[in-house]
Amino acid sequence: MSQMPQQAALSKCPSCEEPLEPGDRFCGACGYDLAAVPAPPTDHPTIVMNGSVPAPSPAERGAAVRPPQTPPVAPPAPPAPPAGPGWPAAGPEGSGASAPTHRPTDLAGTDSAGLPLSGPAPHPAPAAPAVVPPRPAAPPAPPPAAPPAAGAARSSGVRFDRPAQPVAQPDEYLLQAPDPRVSAERGQPAPETTGTPETASVPDTTVCVACRAGRVDDDGYCENCGHAQPRERDHMEQECGPLAAVSDRGLRHHRNEDAFGIGTTTLPDGSPASVAVVCDGVSSATRPDEASLAASRAANESLLAALPRGTHPQQAMHDAIVVAADAVNALADEPATDRERSPHQNAPACTFVGSVVTDGLLVVGWVGDSRVYWVPVDRAAPPARLTEDDSWAAQMVAAGLMGEAEAYADQRAHAITGWLGADAYELEPHTASFKPDRPGVVVVCTDGLWNYAESAEEMARVVPVDAAVRPLHAARVLVGHALDGGGHDNVTVALVPFPAVPQGAGSA
């Protein structure tokens with residue numbers, strides 16, 4: 001039977017120089033194909049360092065018949081070495097004179113933009129090397145292709161979007177939406193709008209935020225560097241009269257699964273009312289970002305419609321939670337093709353927390369582990385947490401089985417026991433009403449923030465003292481606090497001053 005040609009065993013890999021074992025066909029370290037190593041030549045001619053290459057021996061050319069003993073007529077020697085870099089000629093033996101050092105810039109060439117390489121003394125383009133006449137029974141080798149001249153027309157199959165001259169790059173790439181903490185430093189004011197949160201985000205632009213040079217295609221990727229551009233919900237800010245909210249994707253998640261809704265309205269007696277709703281998508285569920293957005297929209301609209309009709313704020317909050325749950329449940333009716341593709345995934349789900357602030361009443365409602373904190377303007381007065389988590393840790397503490405510090409340090413602490421979704425065991429809306437005796441700020445947030453300020457006292461320390469009059473600034477500070485702490489989760493916070501401020505009185 002036919003066999004693979006045998007060659008002398010190698011002691012080490014020609015690529016990585018790792019030791020080899022007898023019989024190895026591939027290098028165990030780098031995977032180099034040892035069969036591709038050419039057989040060693042039978043003779044060892046001296047290579048003259050003048051740019052020419054000695055002709056291969058008949059054995060190397062694989063000729064079946066030994067060529068005639070008479071050497072072929074060689075072409076006349078050129079009068080001078082080929083044009084190109086002047087490699088040093090071999091000096092006399094024992095001369096001890098060292099050859100001059102040659103640098104890579106001594107070789108003519110072009111960069112990736114097709115421009116000549118800069119150097120102290122560039123040489124002219126090398127001429128095509130002389131073709132050695134073919135020996136008998138061997139085809140002539142094709143001449144090497146000449147390098148393309150600078151400025152020549154390129155193939156239409158490849159696009160070169162890189163500018164000819166290098167572009168100064170920023171110190172760091174902003175691979176997510178502009179950080180509100182540094183937007184002012186870069187001369188780009190953060191967008192502030194009173195529209196819906198999904199439209200109150202990154203301003204429309206067609207320039208890549210990473211390389212600052214490429215155009216962004218319809219799929220959201222830069223045509224120059226390939227970076228995915230920030231999604232609309234990666235960073236959202238909204239200011240509505242005296243209250244504001246900020247949401248950020250964080251530093252670890254690939255998308256923002258939080259959503260919020262804020263607004264102001266007027267009660268039948270003419271007094272003002274402020275509404276804030278924050279929802280956190282359950283990451284283990286299907287389409288958690290859609291669930292949080294649907295719930296926040298539905299609840300916010302329900303509250304703003306019920307309060308002017310005279311519905312009691314606590315009853316309006318209860319009804320809003322039910323409406324939000326229905327909106328999330330409707331997302332479970334997905335196309336059959338989606339269910340066939342992922343039949344074992346949970347239905348869309350999210351948590352819910354909201355607040356209604358009037359002239360003398362504070363109402364909160366929640367399902368899940370998002371929270372509401374009360375921080376008085378007078379920091380000498382004690383702050384308070386106004387909600388109880390629907391979570392494993394809260395159940396352990398309520399049952400007296402574990403202390404709060406021990407329970408929330410457990411890896412099961414954030415396993416929620418209540419949520420909005422078609423697969424929830426049963427919907428149990430929690431509502432509570434309070435009548436604070438002093439002005440303050442209501443902090444409505446997801447666990448992406450309170451993970452870094454868990455107790456009421458910790459939250460009060462990180463809330464700016466002017467949060468009641470500058471809620472948007474304070475919300476940015478709180479989001480920045482979570483990002484500085486690690487940003488392991490999406491971060492969303494809404495700040496509502498108490499008592500409610502009449503419409504038209506915004507942040508200072």
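Miscellaneous remarks
- Condition check for GLU301: surrounded by fewer than 24 Cβ atoms within 10 Å (Cβ to Cβ) and either farther than 30 Å from ALA393 by Cα or in contact with a helix residue (DSSP H, G or I) (Cβ under 6 Å, 6 or more places away or on another chain) (or both): yes
- The sole residue among VAL463, VAL477, VAL496, VAL441 that is out of contact with any strand residue (DSSP E or B) (no Cβ under 8 Å at 6 or more places or on another chain) and farther than 17 Å from ASP280 by Cβ is VAL477.
- Residue in the stretch 251-266 that is nearest to GLY360 (Cα to Cα), counting only those that are open to solvent by 30 Å² or more (accessible area, probe 1.4 Å) and touching a residue at least 12 places away in the same chain (Cβ under 8 Å): THR266
- Test for GLU232: is it under 30 Å from GLY214 (Cα atoms), of a type in the set (D, E, K, R) and in contact with a Pro (Cβ under 7 Å, 6 or more places away or on another chain): no
- From ASP319, ASP359, ASP289, residue being part of a helix (DSSP H, G or I), within 30 Å of PRO436 (Cα to Cα), among the acidic types (Asp, Glu) and open to solvent by 20 Å² or more (accessible area, probe 1.4 Å): ASP319
- Of the helices (runs of 4 or more DSSP H) lying entirely inside the stretch 375-488, those containing at least 3 residues that are under 24 Å from ILE321 (Cα atoms) span 392-398, 447-450.
- With respect to the conditions (1) more than 35 Å from the chain's Cα centre (by Cα); (2) open to solvent by 40 Å² or more (accessible area, probe 1.4 Å), ALA415 lacks only one, and its number is (1).
- Hits in the stretch 418-451 (condition: closer than 16 Å to PRO383 by Cβ and open to solvent by 50 Å² or more (accessible area, probe 1.4 Å)): PHE434, ASP437, ARG438, PRO439
- Close pairs (9 angstrom Cβ cut-off, 6 or more residues apart or separate chains): in contact (Cβ under 8 Å) with a residue 12 or more places away in the chain and of a type in the set (Ser, Thr, Tyr) in the stretch 479-492, part of a loop (DSSP other than H, G, I, E, B) and crowded, with 20+ Cβ neighbours inside 10 Å anywhere: THR492/ASN256; THR492/SER370; THR492/THR446
- Residue among ALA306, ALA245 that is over 20 Å from the mean Cα position of the chain (by Cα) and farther than 27 Å from GLY486 by Cα: ALA306
- Among the candidates ASP333, ASP338, residue that is assigned to a helix (DSSP H, G or I) and either open to solvent by 30 Å² or more (accessible area, probe 1.4 Å) or at pLDDT below 95 (or both): ASP338
- Top-ranked residue of the stretch 218-251 - restricted to ones that are of a type in the set (Lys, Arg) and touching an Asp or Glu at 6+ places or on another chain (Cβ under 7 Å), ranked as modelled with the highest pLDDT: ARG249
- Here VAL367 meets each of (1) over 31 Å from the mean Cα position of the chain (by Cα); (2) at pLDDT 95 or above with one exception, condition (1).
The values are calculated or read from the model by the stated rules, or taken from the named source; none is laboratory data. None of these values were measured; they are calculated from a predicted model. A quick note on method: Cβ atoms are made from the backbone with ideal geometry, for glycine too, and the neighbour counts reach across all protein chains shown. Heavy atoms of the whole protein, side chains included, go into the accessibility calculation; ligands, DNA and RNA do not. Shrake-Rupley method; radii C 1.70, N 1.55, O 1.52, S 1.80 Å.
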